[in-house]
1. Post the alpha-carbon centroid distance, region 268-347 to region 373-434, in whole angstrom.
2. Mind checking which of Tyr280, Ala239, Leu226 is farthest towards the positive end of region 223-302's charge dipole, using Cβ charges of +1 (Lys, Arg) and -1 (Asp, Glu) about the Cα centre?
3. State the cysteines of the chain left without a partner when partners are defined as other cysteines whose beta carbon lies under 4.7 Å away.
4. With the dipole of the chain worked out from charges on the C-beta (+1 for Lys and Arg, -1 for Asp and Glu) around the Cα centre, which of Leu113, Phe474, Phe485 lies farthest toward the positive end?
5. How big is the convex hull of the Cα atoms of the chain, per residue, in Å³?
6. So which lysines can Lys378 reach, going by Cα to Cα under 20 Å and dropping same-chain residues fewer than 8 places off?
7. Just want to confirm a number: the relative contact order over the chain, from Cα pairs under 8 angstrom separated by 6+ residues, in percent.
8. How large are Rg and Dmax for region 110-185 when only the alpha carbon atoms are used, in Å?
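Derivation of every value follows stated rules applied to the coordinates shown; laboratory data play no part. As the structure is a computational prediction, the values presented were derived from the model and not from experiment. Counting neighbours? That spans all protein chains shown, and the Cβs are built from the backbone with ideal geometry, glycine included.
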Amino acid sequence: MKKFILILLTGVLFHFAHSQNEIILKPEEAKTEISRHIYGHFAEHLGRCIYDGIYAGSDSPLANKDGVRTDVIEALKNLNIPNLRWPGGCFADTYHWKDGIGPKDERKHIENLSWGNEREDNGFGTHEFLDLCEQLGAEPYLAVNMNSGSVQEAVEWVQYVNHKNGSSDLTDLRQENGRDKPWNVKYWGIGNESWDCGGDMTAEYYSNLYKRYATAMTSYANTEKLFRIAVGPGSDDYAWTETVMKNIPAKRIEGLSVHHYSVFDWSAKGPSDTFSDEEYFKTMHRAWFMEEFINKNSEIMDKYDPDKNVALIVDEWGGWYESIPDKGILYQQNTIRDAMIAGMTLNIFNNHADRVRMANLAQTVNVLQAVILTEGEKMLLTPTYHVMEMYKVHQDAKLIPISLNSEKMVNGNQSLPAISVSASVDSQNLLHLSIVNVDNEKDHPISIDLGDAKYKKVSGRILTSESVRDHNSFSDPDKITPRSFNKATLKKGKITFELPKNSVVVLEVSE
């Protein structure tokens with residue numbers, strides 16, 4: 001009987017030891033800076049993102065600055081947005097920048113062929129976008145029309161926005177349109193999804209065409225110092241990455257972009273707020289694919305660029321579900337599930353900061369995994385917004401490598417870690433840990449070993465709700481907001497606490 005009890009107790013202890021989620025920090029290995037540009041955003045002429053979202057028009061009764069909603073400006077400024085990508089997306093592949101400059105009543109009206117064939121008056125163009133970026137303190141990231149445009153059109157756009165006043169008729173035109181000094185736009189995407197809506201090209205054809213654009217857009221020696229971003233794959237087509245990295249000379253490329261959406265079935269994407277537990281797991285499993293996607297693309301890039309001079313840019317990412325009728329193209333509700341996607345994905349980016357140096361959440365307002373939703377004069381902040389705000393402590397901080405032992409979420413033959421984490425230390429020697437429990441059924445005990453670091457205090461904030469389907473609404477805009485988290489205990493170099501189901505916690509640890 002005693003032997004039986006001993007065996008039973010041993011089994012219980014073994015189960016407890018292996019059910020504990022353990023995080024071990026390795027501060028002695030910290031050397032990589034987490035680029036603030038990982039926390040970038042994306043605004044496309046799509047649905048109600050620009051018009052009726054960001055841009056109300058200067059004659060709008062809504063409070064605005066040069067037509068841009070001031071409530072949107074203030075909310076975005078609070079995220080410390082480092083960069084903003086525009087005008088697309090697929091829209092960029094039919095966009096001609098000269099249609100959107102000059103007096104607004106003289107601008108060419110166009111049909112948005114990519115998204116709903118809606119008529120647009122080009123009221124929001126190059127000047128409005130770049131002025132918005134200045135208001136936000138964000139670097140603009142312009143996507144060049146490589147599909148229906150030309151090399152010359154791209155070259156002239158660079159000259160119009162970047163060259164000194166009076167250097168050509170293009171800069172004279174800029175001055176006539178009210179802007180004397182150049183904007184000095186650094187980031188330029190050459191093409192967009194060129195394997196599909198951007199021209200249905202082969203990797204060989206694209207890389208050869210890219211070299212024409214990349215060479216002409218700068219001086220031959222690249223004295224303009226542009227950050228030129230080539231198109232990478234939007235799926236596990238790693239042969240595309242191989243071809244582009246092999247064919248484009250190092251002096252012609254600064255970044256390679258990839259796209260990944262957390263869609264478990266493109267033919268039946270599921271609802272955005274009434275999804276089943278099964279759909280939740282499948283969506284999160286697809287979000288976790290980002291880890292493999294980055295690893296495999298990085299392995300190929302390392303072969304041709306061992307010094308990691310070329311950045312991996314994830315300039316479209318997020319959840320994509322069924323659109324809500326009558327709310328606009330690709331409008332969807334933003335729930336706690338989206339907070340889980342955001343927290344997990346940003347942790348992945350942080351942990352790969354040696355190669356991932358820019359990313360753009362899709363999209364900013366009223367489209368896909370938006371951080372802001374608007375309805376007339378009303379505006380609300382989504383759970384995704386709050387995650388981005390909580391995580392801004394990682395911007396330009398030094399990544400602390402971690403070792404993670406996590407319990408698994410299992411569904412049939414598929415599994416993923418229940419816990420996601422990243423850590424950094426800032427210039428004030430404050431340690432920040434962002435920890436996500438993507439498990440929608442149970443809380444998880446967490447143990448964090450701080451190593452040899454001499455920290456004494458821990459505080460935190462948490463974003464959570466009872467159900468992964470919970471969300472903010474215009475009738476209850478503050479249902480889900482961050483609140484203080486005081487359940488973490490620091491003792492003898494270890495932090496322990498219970499992490500509630502479907503929650504994001506950001507801890508601050510100080511001396």
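1. One Cα centre to the other: 13 Å.
2. The residue sitting most towards the positive pole is Leu226.
3. Cys49, Cys133
4. Phe485
5. 165
6. Answer for Lys378, where 20 Å is the Cα cut-off: Lys65, Lys77, Lys327, Lys479, listed by chain and number.
7. Relative contact order of the chain: 18 percent.
8. My reading of the Cα-based Rg and Dmax gives 13.7, 40 Å.
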